[in-house]
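Peer 1: Submitted below is the structure of interest, expressed as structure tokens.
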Amino acid sequence: MKYLGALLASLLMFTVAYSAEVCTTFDNGVQAFKAQDYLGAEAAWETCVAKGIHNADLFYNLGNAEYRLGHMGQAIWAYESALRLVPTSADYTANLQYAQKQIVDKVESNEEENPVLMFLWHAHHSLTLNHQLAVVGVIAWLAGILIMIFLFVQHKGVRSGILVALFVLGAVASILGIDAGFKLYSLVNDKFAIVVVKSVDVMSGPGDKYQVLHELHEGTRVDIRNADMNGADIRSADVHERRDEWVNVRIGESINGFLKADQIRIVE
Amino acid sequence: MSSLQKIFGIILCLGSLVFTWARASVEFDKERIEAGKDFTLIFVVPKPEIPPNHGVPKIADAPGFTQKSIDSADDHVNDFFMGSYQVRKYKFHMTAPKDPGQYQLAMTWEINGNVQSLGKVNVPVARSLDASALQVLLTPSKRTVYEGEQFSLAMTLLTYENFQGGLNLGGIDLGNDFVAHRGDLGGLKFERSKRPGVQGEASAKIAWVAPIRAGALEIPELKFKYQKMGAMKEVHKQMGNFSFSSVSQQPEEATATSGKVQIQALPLPMEGKPKSFSGLVGQYTFDAKIDKTSLQVGEALTLLIKMRGNGKPGAIPDPEMPDFSDFRSVPPETQLNKTIVDGMVFTDRSLKVFLYPKKKGEFKIAPIHFSWFDPAKKKYVEVSSKEFSIKVDKGDITQAAVSGGQSVTPVANVVEQKDIEKLGEDIRFIHEPMVVRDESQRLVYKAWYWILLVLPFVLAWGAGLLRTRRLRQLEDGAFQRRTKAQSSLQLAWGAAATAKAAGEAKKMFAEFERGLITYVSDLLNIDLGGMTREKMSSALSEVKVAPALIEEFAKILEVCDQARFSPLGTSLDEASRIEERVRKLTDEFGRLV
């Protein structure tokens, strides 16, 4: 009984600690969008984003408002941000692809999708990182309870059943844990940004005086190389306030240069 | 000239050309003769071959060379085929010409009063390793331009034999007097040069620039870092009594610097300057049009303005807009593109101005003027759009409140998902979740998550410990008896109380005796039952029970025996007194464990 009490107390703690901030101006944005007041919708949803609320549907809707306003860079940034949180959403993917067709630096892909890779990709993204970790937590509690039962039960059949269950739970938890680790590594290390101005010059160094290497256009995705950014670390939250700073970016294998921080928006 | 002298001359000529084998030869003190550097030409003549009546050999024709001095000395040569023989070495100390190339020196020798030609000596003069291995040439397409007129700047890079790569083209700074569109140097390729002495050559337009002010302007020198092979250095090493010397040559970083470029920027004439002139110089086109001339209140009208020209790269300011007070407007959409056509940068600028009529009626948008200075024709050009007439009808849609010309949000019919969503033809509709929570908090960074994750295993571990302890206790006989001791004693007390209630004093004593022996036996894990009093005392001594306690134990047992087997009988009062002593004794035994 006392074990059950501890379990319930732990789950209560989990629930209380996991309750997050709620976007209160979200519905205002929905009403404004329906009234074709896209500026109003954009303002309402950007307010939520500015408060630090990162929600997939919020980013998706914001992307729609930006798309209607013709801000393709901001729209693609918002769709990418939504997909970062829920990579398997068909709506997010469809709108992102639709918006990407309308930018200057389009990347045409004719590669056929490998069904095995697609299955693995969907399996990898079927749960968010938090959901995966929560499942691992539940498995841990189940395993703990089964171990305790195993210790105090003498019935051979029950004990064998518990051992099998523990093996299965361990295997599932290991797969989920390894996958969560990979997901976390990707989230932390794979930083990218979207060009949000009409056109931008990629410079060979962090300054206007350097050579122009390439010209990019609104909506183009660039990978970010943190360590090379003028010796400073990039935090997406404040990158737009440091207007004079330059970000070391890479596009594919061939393009490597610097962009001004206020010309791109980092996907959180 | 005698035949002997001619033969001798031929031998010397051959010797100067094939000096690896012949006995009369020409040598240099250095493997590499560099432009502008000192070297020594050594004319080696075997002593038996020296004519009896001779002067000093001379270098008669040495264009570009400076002959500093000549000396001679006798020496001997060890030859594999000829053995050791004496020679005279004439050493001409000279300075090589400044320009590298293949030179020929004509040598003469006065023999018997006649000046004999010894032939010509080939002297390869290489570029000095101290000299720059990279040369940067900047060439503007024009040196005199108007203020704001575009011209291009070409750069030519020439590399020499000691160029080692590592060229860094970053850091091109054209100063503050020019607006520039920089060229793409990513595809800059070096090709074999046809220029004498030059190995590689690459050319590219590095920028299209326009001066931002009039006057004598200067494009500062450009500096590029690169790697070059350094000069040969002789290195001496001492190892014990032996010394060695070797020549080493290491790559080193160098900087190539271009010359400054002088540009004369002419001021624009004041005469004929239009009011709408905003500083554009070049050839431009201008177009302005509206997408509709008739619309309803609530609909938007788009005024599209397109400008294109080859003046300042990337800079076309907005034309002066007419009065839009009859319309509400949102910030215009602008696009700016730069393209290179026929060696010039053309800048395209488009403006989309969205205008919402405030009320029904007929309105006019005044012509928009756009002007520039054409440097080819040396005159200003101004063009204007036509005047636009707009007819606005009352719309069916809800009209937002409009007052004082302030911009308000455009409002139209409420749109629902079914009106908009056509898969593949438009974006999909917005989502309306019940609650929008922040999903960015990651459990992995929460300490409580890890505590919760580990907690069940800690609990299981604790349960395991408890179980192990319990099993150990079950396997421990002494512990079992110790646990049982108190309950045995309680049984004895219960039986004694029953006997007391029944008035059976002897039975009480019997229960005290049995209970005491059983209790102490269980408590100390020794079997006292069946032992004599002496053996009991001895057994208790072995387990370190205090002698006073053993003595009291023995006395109580003695009293109980006497009471039980006394023919005179015993009273309940006496039994009660013994009960107190037994209780006290069991308490003291209880404190032993």
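Peer 1: Given the pairs A:Lys34/B:Lys359; B:Lys205/B:Lys260; B:Lys484/B:Lys555; B:Lys142/B:Lys225, which are separated by over 20 angstrom at their Cα positions?
Peer 2: Correct reply: A:Lys34/B:Lys359; B:Lys484/B:Lys555; B:Lys142/B:Lys225.
Peer 1: Same structure, new question: Helix B:547-565: angle to the longest alpha-carbon principal axis of chain B, degrees 0 to 90, nearest 10?
Peer 2: 30
Peer 1: Now, a different point. Suppose every Lys and Arg Cβ carries +1 and every Asp and Glu Cβ carries -1, with no other charges. What dipole size does segment B:466-593 come out with about its Cα centre, to the nearest 20 debye?
Peer 2: The calculation lands at about 600 debye.
Peer 1: Per residue, how much accessible area does segment A:50-167 have with a 1.4 Å probe, in Å²?
Peer 2: 51
Peer 1: Quick one: if you stick a label point 7 Å off each Cα along the C-beta vector at A:Gln102 and A:Leu142, how many nm between them?
Peer 2: 4.6
Peer 1: Using alpha carbon centroids, what distance separates segment B:171-231 and segment B:482-499, in Å?
Peer 2: If you average the Cα positions of each part, the centres end up 111 Å apart.
Peer 1: Of B:Lys273/B:Lys386; B:Lys312/B:Lys386; B:Lys30/B:Lys98; A:Lys101/B:Lys352; B:Lys352/B:Lys386; B:Lys30/B:Lys233, which ones are farther than 19 Å apart at the Cα?
Peer 2: B:Lys273/B:Lys386; B:Lys312/B:Lys386; A:Lys101/B:Lys352
Peer 1: Using a 1.4 Å probe on the protein chains only, how many percent of the accessible area of segment B:290-395 belongs to carbon and sulfur?
Peer 2: 48
Peer 1: Also, I was wondering about something else. Which angle between 0 and 90 degrees, to the nearest 10, do you get for helix B:477-501 versus the longest principal axis of chain B when only C-alpha atoms count?
Peer 2: It is inclined by approximately 30 degrees.
Peer 1: Just need log10 I(q)/I(0) for the protein assembly as shown at q = 0.05, 0.06, 0.10 Å⁻¹, Debye formula, equal scatterers on the alpha-carbon atoms, no solvent, rounded to two decimals.
Peer 2: Debye output, listed in q order: -0.64, -0.75, -1.21.
Peer 1: How much FRET efficiency would the formula 1/(1 + (r/R0)^6) give for B:Val341 and B:Asp318, where r is the Cβ-Cβ distance and R0 is 22 Å, rounded to 0.05?
Peer 2: Step by step, r from the Cβ atoms, then E = 0.40.
Peer 1: Still on this structure: Please identify every one of the trypsin sites (Lys or Arg not before Pro) in segment B:493-593 that sits in a loop by DSSP and has no more than 12 other beta carbons within 10 Å of its own beta carbon.
Peer 2: In loop regions of segment B:493-593 (DSSP not H, G, I, E or B), the sparsely surrounded trypsin sites (Lys or Arg not before Pro) are B:Lys544, B:Arg591.
Peer 1: So what's the angle, to the nearest 10 degrees on a 0 to 90 scale, between helix B:447-475 and the longest Cα principal axis of chain B?
Peer 2: The two axes meet at around 40 degrees.
Peer 1: Which is the longest run of chain B containing none of the chymotrypsin sites (Phe, Trp or Tyr not before Pro) found in DSSP loop states (not H, G, I, E, B) with at most 13 other C-beta atoms within 10 Å?
Peer 2: B:82-593
Peer 1: Round to a whole number: what % of the accessible area of segment B:419-500 belongs to carbon and sulfur, probe 1.4 Å?
Peer 2: Its accessible area is 59 percent carbon and sulfur atoms.
Peer 1: Please say if chain B is rounded, prolate or oblate, where rounded means a/c under 1.5 for a ≥ b ≥ c the square roots of the C-alpha gyration tensor eigenvalues, and otherwise the choice is prolate for a/b larger than b/c and oblate otherwise?
Peer 2: oblate
Peer 1: Using 0.36 nm per residue of separation minus the Cα-Cα distance, give me the extension gain between B:Lys446 and B:Lys68 in nm, one decimal.
Peer 2: Going from the current span to full extension adds 127.6 nm.
Peer 1: Let me know the shape class of segment A:75-191, please: from the alpha-carbon gyration tensor, a ≥ b ≥ c as square roots of the eigenvalues, rounded when a/c is under 1.5, otherwise prolate if a/b is greater than b/c, or oblate.
Peer 2: prolate
Peer 1: Still on this structure: Hey, rough spin-label estimate for B:Asp38 and B:Phe244, points 7 angstrom out along Cα→Cβ, what's it come to in nanometres?
Peer 2: Modelled inter-label distance: 2.9 nm.
Peer 1: Okay, next question. What quantity of accessible surface, computed with a 1.4 Å probe and excluding non-protein components, is buried in total between chains A and B, in Å² to the nearest 100?
Peer 2: 5800
Peer 1: If R0 is 30 Å, what FRET efficiency do you get for B:Leu572 and B:Ala478 from their C-beta distance, rounded to 0.05?
Peer 2: It comes to 0.25.
Peer 1: Relative contact order for chain B: what percent, with Cα pairs under 8 Å and sequence separation of 6 or more?
Peer 2: That works out to 8 percent.
Peer 1: Using the basic label-point model (7 angstrom from Cα toward the beta carbon), what is the B:Glu27 to B:Lys237 distance in nanometres?
Peer 2: Using points 7 Å along Cα→Cβ, the separation is 2.5 nm.
Peer 1: Treat every Asp and Glu Cβ in segment B:188-270 as -1 and every Lys and Arg Cβ as +1, leave all other atoms uncharged, and give the resulting dipole magnitude about the Cα centre to the nearest 20 debye.
Peer 2: The dipole of segment B:188-270 has a size of about 180 debye.
Peer 1: Under 15 Å from a point placed 7 Å out from the Cα of B:Leu266 along the Cα-to-Cβ direction: which residues of segment B:142-180 have their backbone N that close?
Peer 2: Zone members listed by number: B:142-151.
Peer 1: When ligands, DNA and RNA are left out and all protein chains stay put, how many square angstrom of accessible area per residue does chain B have with a 1.4 Å probe?
Peer 2: Averaged over the residues of chain B, the accessible area is 56 Å².
The values are calculated or read from the model by the stated rules, or taken from the named source; none is laboratory data. The structure presented is a predicted model; accordingly, all values stated were derived computationally and were not measured. Glycine also receives a Cβ, built like all others from the backbone with ideal geometry; neighbour counts cover every protein chain displayed. The protein model used for the area step is the full one, side chains on, heavy atoms only, and it has no ligands, DNA or RNA in it. Shrake-Rupley method; radii C 1.70, N 1.55, O 1.52, S 1.80 Å.
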